[in-house]
Amino acid sequence: MKKMIKDLIKKIKKYDTIIILRHNRPDGDALGTQLGLKKSIQKTFPNKKVYATGDLNPRLSFIGEMDEINDDVFENALVIICDVAVSYMQGDARYNKGKETFVIDHHTNKSDIVDDNHFICDSTCAACAELVSEILFDNRFVVDKDVALSLYTALVTDSGRFQYNETSPRTLRIAAKLLETGFDPQKIYSKLYVETIEKRKLTAEFTSRFKLTSKNVAYMFNTKETLEKYNISFNDCSRGMVSVMAGLEGILIWANFTEEPETGKVIAEFRSRGFSIVDIAKKYGGGGHDQACGATLESFEQALEVLKDFDQRMVEVNGQ
Ligand SMILES: [Mn+2]
């Protein structure tokens, strides 16, 4: 991996145009890592043209804006893809149009975009930002308040405020180094964790909606009609409501199944506490982390199949 990182740094120095990408429906880690890396390269090498593109997440626009660039910009560019290794989850359909491409990730999926020499991946990192921050610090790139705010937002969100499994002494050392740049973390928390009264009431509605399987797997089915009824966006429901089933005694696996209105596909978010379920996500063509993963399903019938697998996992875990 050291050799690959060395090679990446060499390529960053060589290319005049660098485009940073990440996964679609971006979360805090995807956007924070992407924009933190962009800003750091731009500040370290002011003469280079550095861009960040992809679909938006309005809730996280405080991290920064996306660039609009023409297809021909990709021709001579170095492309660095963050927080995702697979082609079907890309935020910019032109992800494979660069002259050369690197992937930096912390998920457990293999890459179908780059070969092993261009795939910098460490699934022990709590966030992709942990790996990227380390690369930037080790190679003496500019990490000022502005860069650090983006990377810290990524670290805080993907680690669940430093609580999830992958959070390690190394995560906290990186967080400390980022904080030392002097930005105000309260500014981030007030954007991320203060919500409207309407949103809190909606969360209460969804808390009363989830069901349990015979083996105590919590789940929700959200159809297109559900989204309309509660006037909630797909993203706010799919990613935003999975956590209403988290942190409950006796519930070690929970799943949120939401119909994507444009495609009719069912986007599934899976979470567990204490053991891995990512193999089940992969069985259905998905992936992610051991205890936080997902998949794209064809139908709610298929969701029932997934729930059977989760019930089976509970039987194994309980040793029955
Ligand atoms: Mn991530």
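Contact map, the range 113-125: first residue on the phi > 0 side of the Ramachandran plot, second residue not acidic (Asp, Glu), Cβ cut-off under 6 Å, separation 6 or more or different chains; the map is empty.
So, of the residues in the range 150-194 that are of a type in the set (Phe, Trp, Tyr) and within 15 Å of the ligand (Cβ to nearest atom), which turns out to be surrounded by the fewest Cβ atoms within 10 Å (Cβ to Cβ)? Going through the qualifying residues, I end up with 162. Residues of the range 17-40 that are within 23 Å of residue 75 (Cβ to Cβ) and either of a type in the set (Gly, Ala, Ser) or in contact with a Leu (Cβ under 9 Å, 6 or more places away or on another chain) (or both): 17, 18, 19, 20, 22, 34, 37. When 244, 278, 266 are checked against the criterion of being more than 27 Å from residue 111 (Cβ to Cβ), modelled with pLDDT of 95 or more and surrounded by 17 or more Cβ atoms within 10 Å (Cβ to Cβ), 244 stands alone in meeting it.
For the range 64-112, filtered to residues that are of a type in the set (D, E, K, R) and within 19 Å of the chain's Cα centre (by Cα), the residue that is nearest to residue 27 (Cα to Cα) is 83. For the range 5-88, please list each of the strands (runs of 3 or more DSSP E) lying entirely inside it that holds at least 3 residues being surrounded by 15 or more Cβ atoms within 10 Å (Cβ to Cβ) and within 16 Å of the ligand (Cβ to nearest atom). Output list reads 17-22, 78-82. Of all residues in the range 1-26, those that are closer than 30 Å to residue 234 by Cα and touching a residue at least 24 places away in the same chain (Cβ under 8 Å) have Cβ atoms under 6 Å from Cβ atoms of residues that are of a type outside the set (Val, Ile, Thr) and part of a strand (DSSP E or B), 6 or more apart or on another chain, in 19/51; 20/52; 22/82.
The set of residues in the range 89-134 being charged (D, E, K, R), away from the ligand (no atom under 13 Å from the Cβ) and assigned to a helix (DSSP H, G or I) consists of 116, 134.
Would you say residue 45 is over 24 Å from the mean Cα position of the chain (by Cα) and of a type in the set (Phe, Trp, Tyr)? The answer is yes for residue 45. Checking each residue in the range 89-99 for being surrounded by 19 or more Cβ atoms within 10 Å (Cβ to Cβ) and not aliphatic (A, V, I, L, M) picks out 90, 91, 92, 95, 98.
Among residues of the range 239-257 that are closer than 18 Å to residue 214 by Cα and without any contact (Cβ under 8 Å) to a residue 40 or more places away in the chain, those with a beta-carbon under 9 Å from a residue that is crowded, with 21+ Cβ neighbours inside 10 Å and among the hydroxyl-bearing types (Ser, Thr, Tyr) at least six positions away or on a different chain give the pairs 245/219; 256/219; 256/238.
The values are calculated or read from the model by the stated rules, or taken from the named source; none is laboratory data. Small disclaimer: the values here were computed from a predicted structure and weren't measured. Counting neighbours? That spans all protein chains shown, and the Cβs are built from the backbone with ideal geometry, glycine included.
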